[in-house]
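The values are calculated or read from the model by the stated rules, or taken from the named source; none is laboratory data. Here the structure is a predicted model, which means the values were calculated and not measured. Here Cβ is always computed from backbone atoms with ideal geometry, including for glycine, and neighbour counts include all displayed protein chains.
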Amino acid sequence: MRVVLIVNPIAGAGANRCLLSRMIALARQSGIEIDYRLTHGAGSARRLAAGLSADLENTGSIRAVMVVGGDGTVHEVADGLAGGPLPLLVWPTGTENLFAKSFHFQAAPRAALGCLLRGQMRLIDLGQANGRTFLIVAGMGFDAEVVHRLVGRRTGHITHLTYSAPLWRTFWEHRFPRFRVYDENTLIWEGQGLVFVGNLPRYSLGLRVLRDAVCDDGFLDLCVLPCRGRLRFIGHSLRTLLRTHVEQDGVLYRRLRRIRVESDDPVPVELDGEAAGWLPLELGVRPGALRVLVPPDATKL
């Protein structure tokens, strides 16, 4: 059995180095060959993963591709593996680790080894936004503005503290834009607010904005929170924390296959916590496009 590790050396890997070395030693004792590959900047993980999928002569010997990194690295590797035969699993070293938490991956030697030896294969959907892949969520407006501000400040591994200044500035300076949201070509909502589209319920800081999302149902979940100012924003945040936001008057929550979001204002976009340009956005779903080797005791999402 061969496992390829795609390792982001920036995303908190240093704190996990001893545990990761222990996992590699245990894997080799169990007869697993470890192929260790480092990323080198943005896009590197995607290229490494795509190269593995394209190498049909050697693909059959690979049990899985293990991502050692955070959600950004997982996002890139998933994009590179999409539609191919190789499954993904995660050794989480990032700040939020939303994807890893969703599937109960742990940065623990015996847990990771158990997943490699006895894990269950699952096919999950992938989102597409203007041709770009995303795993978790596409956010438009407030959260995307925070991410775009963060890009200009990032110098290495980020922590929750790194987000504090961009979040604070955005809270006071954000001007809630007007959106037009379409199901295919049918206008279903127009107004000021917050717009989220995604495939997994878990979001930053434990919030479940896309509360009812299912990762393999062939749909994307859409959540629109009408909002014109900070007080309403705080109210939405509190209700989202309590997971009661979906039932609030005026909130739009639907499962759709194709969504278009437009605005006459310059509105930033984030995909899985990474800055991803500006509206307009065409969103769709690729059913069952990614193989994931989940832990043997993982609950179904």
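See the values below:
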| read-out | value |
| --- | --- |
| Residue tally, condition of a type in the set (D, E, K, R) and in contact with a Phe, Trp or Tyr (Cβ under 8 Å, 6 or more places away or on another chain), over region 166-181 | 1 |
| Filter result (in contact with a Ser or Thr (Cβ under 8 Å, 6 or more places away or on another chain) and either more than 10 Å from GLY80 (Cα to Cα) or not assigned by TED's automatic domain parsing to the domain that holds ASN8 (or both)) within region 49-64 | THR59 |
| Search result, residues across region 1-39 that are basic (Lys, Arg), farther than 15 Å from LEU113 by Cβ and modelled with pLDDT of 90 or more | ARG37 |
| Single condition TYR36 does not satisfy, out of (1) more than 17 Å from PHE103 (Cβ to Cβ); (2) under 21 Å from the mean Cα position of the chain (by Cα); (3) among the hydroxyl-bearing types (Ser, Thr, Tyr) | (2) |
| Matching residues, region 205-220, being closer than 18 Å to LYS101 by Cβ, crowded, with 16+ Cβ neighbours inside 10 Å and out of contact with any helix residue (DSSP H, G or I) (no Cβ under 8 Å at 6 or more places or on another chain) | LEU210, ALA213, VAL214, ASP216 |
| Of all residues making up region 197-207, the number that are within 13 Å of the chain's Cα centre (by Cα) and either assigned to a loop (DSSP other than H, G, I, E, B) or free of Cβ contacts under 8 Å to residues at least 60 places away in the same chain (or both) | 5 |
| Strands (runs of 3 or more DSSP E) fully within region 208-301 counting 2 or more residues that are within 30 Å of VAL90 (Cα to Cα) and touching a residue at least 60 places away in the same chain (Cβ under 8 Å) | 252-256, 258-262, 268-271, 274-278, 281-294 |
| Any helices (runs of 4 or more DSSP H) falling wholly within region 1-74 and containing at least 3 residues that are buried (at least 18 other Cβ atoms within 10 Å of the Cβ) | 17-29, 44-54 |
| Residues of region 68-111 classified as of a type in the set (Val, Ile, Thr) and within 20 Å of MET1 (Cβ to Cβ), total | 3 |
| Close pairs from region 17-46: first free of Cβ contacts under 8 Å to residues at least 40 places away in the same chain, partner among the acidic types (Asp, Glu) and part of a helix (DSSP H, G or I), Cβ under 6 Å, at least 6 apart | ALA45/GLU76; ARG46/GLU76; ARG46/ASP79 |
